[in-house]
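Colleague: Shown below is the structure under consideration.
The values are calculated or read from the model by the stated rules, or taken from the named source; none is laboratory data. All figures in this text were calculated on a predicted structure; none of them were measured in a lab. Heads up, the Cβs are rebuilt from the backbone with ideal geometry, glycines too, and the neighbour counts pull from every protein chain shown. Note: areas computed on protein heavy atoms with side chains; ligands, DNA, RNA excluded. Shrake-Rupley method; radii C 1.70, N 1.55, O 1.52, S 1.80 Å.
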Amino acid sequence: MKRSGLLIVLAIVVVVGFLSCNGYNGLVKQDESVKKAWNNVQTEYQNRSDLVGNLVNTVKGAANFEQKTLTDVVNARAKATSVNINADNLTPEKIAEFQAAQGQLSGSLSRLLATVEAYPTLKATDNFTKLQGQLEGIENGIKNSRKIFNDEVNTYNTKVRSFPMNILGGIFGFHQKE
C-alpha cells in the first residue's frame, strides 16, 4: 500500500513539474513576442526619423522655405531619436516620454507638409512626391506595429494574470506590462 501511495505522489509531482515547465516556457515565449513587437515599433519610428532627414533636405533644396518650420522638424527629430526604451523596461513613464517625443515629431511633420502646400513647384518634384509617399507608408507601418504590440501585450498580460500562471509568473518574475 505504501508503494502505490508513493507512486501516486510521484506521478502528481511529475505532472505538476511538467505543467510548470510548460507554463514557464509559454510565459518566456510570450515575453519574447512582446519584446519583438516593441522592437518592430521602434524600427518603424526609426525609419520615419531616417526619412525625415531626406525630406528636410529636399524641401531645403527646392524652395526658399520657412526656416522655423524646418528647424522645428529637425529639433523634433533629434528629440525623438534620443528617447529609446528597452523592451524590458516598458514603464508607463518611459512610454509616455517616448510617445510625447514621437508626437512632437508627428506634429512638426504635419506642419511641414501643410506649409509645403504653398509651394506648388516643390510638390511637383519627383523626389518630394516619392518621399511623401514613403512617409505615408511608414506612418501606416507605425500604426500596424503599434497595434501588433498592443495585441501582444494584451495576450501576455492575460496569460500572466490568469490562474495558475499568476502564481508561476510571480515566482519567476513575470509581471504585467504596460
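Colleague: So what's the net charge close to Leu10: Lys and Arg +1, Asp and Glu -1, counting the other residues with Cβ under 13 Å from its Cβ?
Modeller: Within the 13 Å Cβ shell, the charges total +2.
Colleague: Mind giving me the nanometre distance, one decimal, between the label points for Asn89 and Lys147, set 7 Å out from Cα along Cα→Cβ?
Modeller: Here the modelled spin labels are 3.1 nm apart.
Colleague: Still on this model: Skip the ligands, DNA and RNA, and give the accessible area per residue of the range 33-178 with a 1.4 Å probe, whole Å².
Modeller: Heavy-atom accessible area per residue stands at 56 Å².
Colleague: Sticking with this structure for a sec: How far, in nm, would the chain grow between Tyr24 and Ile12 when pulled straight, counting 0.36 nm per residue and subtracting the alpha carbon separation?
Modeller: 2.5 nm
Colleague: So if each residue of separation counts as 0.36 nm, and I subtract the Cα-Cα distance between Asn166 and Ser110, what length gain in nm does that give?
Modeller: Gain on extension, Asn166 to Ser110, equals 15.8 nm.
Colleague: Which value results for Rg/Rh of the range 27-178 when Rg is the Cα radius of gyration and Rh the Kirkwood radius based on the inverse mean 1/r?
Modeller: Rg divided by Rh gives 1.12.
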